[in-house]
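The values are calculated or read from the model by the stated rules, or taken from the named source; none is laboratory data. Owing to the predicted nature of the structure, the values given are computational and were not obtained by experimental measurement. Cβ atoms come from the backbone with ideal geometry, glycine included; neighbour counts cover every protein chain shown.
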Amino acid sequence: MQSETKELDPILEVNNLFASIDNLPILKGVTISVNPGEIHAIMGRNGCGKSTLSKIIAGHPSYKITKGEIKFSGKDIQSLEPEERAQSGIFLGFQYPIEIPGVSNLEFLRVATNARRKFLNKEELDTFDFEDLVKQKLDLVKMDSAFLSRSINQGFSGGEKKRNEILQMALLEPKIAILDETDSGLDIDALRIVASGIKKISNEQTGIILITHYQRLLDEIQPDYVHVMSDGQIIKTGESDLALELEKHGYEWTDNFIKEQ
Amino acid sequence: MVNKNLVKDVVVTEPYKYGFVTDIETEKISKGLSEDTIRLISEKKEEPEYLLNFRLNAFRKWQKMKEPNWADLGYKKIDYQDIIYYSAPKQKEKISSLDEVDPKLLETFDKLGIPLTEQKKLTNVAVDAVFDSVSIATTFKKELAEHGVIFCSISEAIKDHSDLIEKYLGSVVPANDNYFAALNSAVFSDGSFVYIPKGVKCPMDLSSYFRINSGDSGQFERTLIIAEESSSVSYLEGCTAPMFDTNTLHAAVVELIALDDASIKYSTVQNWYAGNEEGVGGIFNFVTKRGKCLGKRSKISWSQVETGSAITWKYPSCLLLGEESVGEFYSVALTNNLQQADTGTKMIHIGPRTKSTIVSKGISAGNSVNSYRGLVKMGSKASGSRNYSQCDSMLIGDQAAANTFPYIQSQQPNSKIEHEASTCRISEDQLFYLQSRGIEFEEAVSMMVSGFCRDVFNQLPMEFAAEADKLLALKLEGSVG
């Protein structure tokens, strides 16, 4: 399907997206386009709709799209279930990864990895082959193999949960990864580990959206574009220096953009 | 997007896979229950007089008893005169080997995954196959006999081991114990008998497979297991029934006796037909199971996976008489659609330094009601005794109900009782997390359910644990729509 000439087509296109939860409008016309190899950062106040945007792209059932479209590899994905989106290469790194008692992390990672491999027509991995693979990936995020035998995220520290998210990203090799405040709650060392993991996993085919409040993550991973979001809209887009200005002036500074609009 | 993720409308789409009926000529007595019925059953089975008296005595007591209504159950009144109390597939008078068993019966058990013939029989488990009112075949009898282990139908035991029957039958569950136990004592038709002699570790797992085939006959089987000093046995029980739109009554009694240092592990996977989505049909499963830890340091362990039946009413219990004896109860009960389950255990600590553990996991989906009911009692002589109970409930959807009724009685200050309980719901966010990693919705639910049940599955014999995992997944398939 994908010919050479199409390679520069965007992986993800969000066009004039409106969405609500329980009839409360959250997104009010978001447009964003991510090409292969690009890193985008989305910044903005808490409650401006950043997390909502990421969950809607991943297919969270609680949100309702009222207008606009989301295209992944040129196709509208609105009718796809969350698992179908994930299998085809959309990855969401959660801000608050949820604990699932009783379900082994290793088994979970294996089932998830095989679901993605099946979609890619790759051979599914048995327990032994998977253990070999996962051990390599553990190094990327400097995780101990003891994490594998625990229940999903149960009793993990904040930093361990985030590293577990990046481990999943490494195993699933997505085409687009949306990382929702992956840097929050991390100390400086953990931040460097996570950032270097993200860089090693991504390549010129991968698109990345970093949702963050802090410049320190963007010091580690240089974004190509920075978007500022406010009240369900992207109010300004710039290059990496926009984040620096934002750091200097704070979000109040961005209120002027809304007035300009 | 079809919003199938809202964990709300729970509908089962998976058909019950054991719902077929075997077309076989049966010998049935006419409907109804009277002293004559009981005399007829006893006569058909050529029973000694003490047993007929045991039955008649039970029947007279039953007539004076009232059907219990304290359980958290609602069902249409049972017409005890509208039930056939004896139904047996027609066979040759005396069967000396499996070759003489009707091929249709062998085929039935084959289809249920319980092959009985010499070539195909399970290699590590001896099986007693019960079809309606009678035991069809018992495998590995000879091999077991070499170790002195007796494993046969209770009808055979009544003929061949009358001394043991007379001594132990009704010694754990007296004929007048409760309404359904009294009924069973009056009309029981067949079941399994196990005797493990002193010092013998039973060389293989023993298993009974109960199959209800007739729609209008009740099943009243009776199981008796005796483990002599320092012996041990692991016993498995499985159940299925065809799909009928009428309710079939199943009122069994199981008695276990463990002498000094003996241990009995009793595992059940119950998958009787549960009725359809509207709650029509299904088995009424009213069962009395009790073990007596008679000897010092004896141990009785119940593990059960209850997934079937329209109504389940059962409390596998332990009477801890011998000092330092141990009772255990591990249970997973899953209800869906309009199923009702009221299940739990009784741990009666009588001897000193006795210990009991209760781990109960209830999963309710659809419009079902799932209750745990348990009693922990410390008698006045049970000093230094301990109990630990853990009761967890999981709700799927917003129409299902879970109840926990723990009763605790202690007459012994120097004993310790701990009780923990929790209720959880499979949250939309947990499901979304798994789905967002490419895991299909139903697989995500089943992963979470089996994770919830892990503590209990770990207690099951290995083949059973895998089976139980699959069974739960099957039961919930399409259930979260």
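Observations on the structure shown:
- Single match in B:Ser135, B:Ser185 (criterion: more than 30 Å from B:Lys66 (Cα to Cα), out of contact with any Lys or Arg (no Cβ under 6 Å at 6 or more places or on another chain) and small (Gly, Ala, Ser)): B:Ser135
- Screening the candidates B:Thr288, B:Thr345, B:Thr335 for the property of being at pLDDT below 90, of a type in the set (Val, Ile, Thr) and under 19 Å from the mean Cα position of the chain (by Cα) yields one hit, B:Thr335.
- Some residue of region B:255-264 being part of a loop (DSSP other than H, G, I, E, B), touching a strand residue (DSSP E or B) at 6+ places or on another chain (Cβ under 9 Å) and surrounded by fewer than 24 Cβ atoms within 10 Å (Cβ to Cβ): yes
- Taken over region A:122-176, the criterion of being within 21 Å of B:Met448 (Cα to Cα) and among the basic types (Lys, Arg) is satisfied by A:Arg150, A:Lys161.
- Residue count for region B:432-456 satisfying the condition of being without any contact (Cβ under 8 Å) to a residue 60 or more places away in the chain and on the phi < 0 side of the Ramachandran plot: 16.
- Output for region B:309-353, where each listed residue is outside any strand (DSSP E or B) and acidic (Asp, Glu): B:Glu323, B:Glu324
- Total residues in region A:71-97, condition buried (at least 17 other Cβ atoms within 10 Å of the Cβ), on the phi < 0 side of the Ramachandran plot and within 11 Å of another protein chain (Cβ to nearest Cβ): 16
- Odd one out for B:Glu440, checked against (1) away from chain A (no Cβ under 13 Å); (2) surrounded by fewer than 21 Cβ atoms within 10 Å (Cβ to Cβ); (3) modelled with pLDDT of 90 or more: (1)
- Matching option when the condition is at pLDDT 85 or above, hydrophobic (A, V, I, L, M, F, W, C) and surrounded by fewer than 24 Cβ atoms within 10 Å (Cβ to Cβ), among B:Cys202, B:Cys293: B:Cys202
- A:Leu53 passes every criterion in (1) hydrophobic (A, V, I, L, M, F, W, C); (2) surrounded by 18 or more Cβ atoms within 10 Å (Cβ to Cβ); (3) facing chain B (nearest Cβ under 9 Å) apart from (3).
- Residue ID - farthest from the other protein chains (Cβ to nearest Cβ), chosen from residues in region A:169-203 that are outside any loop (DSSP other than H, G, I, E, B) and β-branched (Val, Ile, Thr): A:Ile188
- Residue count for region A:206-236, restricted to those that are within 15 Å of A:Ser33 (Cα to Cα) and either charged (D, E, K, R) or at pLDDT below 90 (or both): 2
- Looking only at residues in region B:189-199 that are assigned to a loop (DSSP other than H, G, I, E, B) and buried (at least 24 other Cβ atoms within 10 Å of the Cβ), the one that is nearest to the chain's Cα centre (by Cα) is B:Gly191.
- Filter result (charged (D, E, K, R), within 22 Å of B:Arg454 (Cβ to Cβ) and either more than 14 Å from chain B (Cβ to nearest Cβ) or in contact with a His (Cβ under 9 Å, 6 or more places away or on another chain) (or both)) within region A:143-168: A:Glu160
- Residues (of a type in the set (Ser, Thr, Tyr) and over 20 Å from A:Lys28 (Cβ atoms)) located in region A:218-243: A:Tyr225, A:Ser240
- Selection status of B:Tyr209, under 17 Å from the mean Cα position of the chain (by Cα) and hydroxyl-bearing (Ser, Thr, Tyr): yes
- Residue ID - farthest from A:Pro25 (Cα to Cα), chosen from residues in region A:58-90 that are aliphatic (A, V, I, L, M) and in contact with a strand residue (DSSP E or B) (Cβ under 6 Å, 6 or more places away or on another chain): A:Ile90
- Filter result for B:Met378 (crowded, with 16+ Cβ neighbours inside 10 Å, modelled with pLDDT of 95 or more and hydrophobic (A, V, I, L, M, F, W, C)): yes
- Matching residues, region B:413-432, being away from chain A (no Cβ under 14 Å) and more than 18 Å from B:Ile358 (Cβ to Cβ): B:Pro413, B:Asn414
- Of all residues in region A:114-168 being without any contact (Cβ under 8 Å) to a residue 24 or more places away in the chain and aliphatic (A, V, I, L, M), the one that is nearest to B:Gln430 (Cα to Cα): A:Ala146
- Checking B:Leu206 against (1) part of a loop (DSSP other than H, G, I, E, B); (2) out of contact with any Ser or Thr (no Cβ under 6 Å at 6 or more places or on another chain); (3) farther than 21 Å from B:Glu43 by Cβ; (4) not acidic (Asp, Glu), the condition it does not meet: (1)
- Test: residue in region B:91-104 that is of a type outside the set (D, E, K, R) and either modelled with pLDDT of 75 or more or closer than 23 Å to B:Ala310 by Cβ (or both): no
- Test: residue in region A:119-129 that is of a type in the set (A, V, I, L, M, F, W, C), more than 8 Å from chain B (Cβ to nearest Cβ) and surrounded by 22 or more Cβ atoms within 10 Å (Cβ to Cβ): no
- Region B:448-465: number of residues that are touching a helix residue (DSSP H, G or I) at 6+ places or on another chain (Cβ under 7 Å) and facing chain A (nearest Cβ under 7 Å): 1
- Going through (1) hydrophobic (A, V, I, L, M, F, W, C); (2) modelled with pLDDT of 95 or more; (3) part of a loop (DSSP other than H, G, I, E, B) one by one, B:Trp272 falls short only on (2).
- Exactly one residue out of A:Leu109, A:Leu140 is over 23 Å from A:His213 (Cβ atoms), over 16 Å from the mean Cα position of the chain (by Cα), modelled with pLDDT of 95 or more and buried (at least 20 other Cβ atoms within 10 Å of the Cβ): that is A:Leu109.
- The single condition among (1) touching a Lys or Arg at 6+ places or on another chain (Cβ under 6 Å); (2) within 11 Å of chain B (Cβ to nearest Cβ); (3) not hydroxyl-bearing (Ser, Thr, Tyr) that A:Leu140 does not satisfy is (2).
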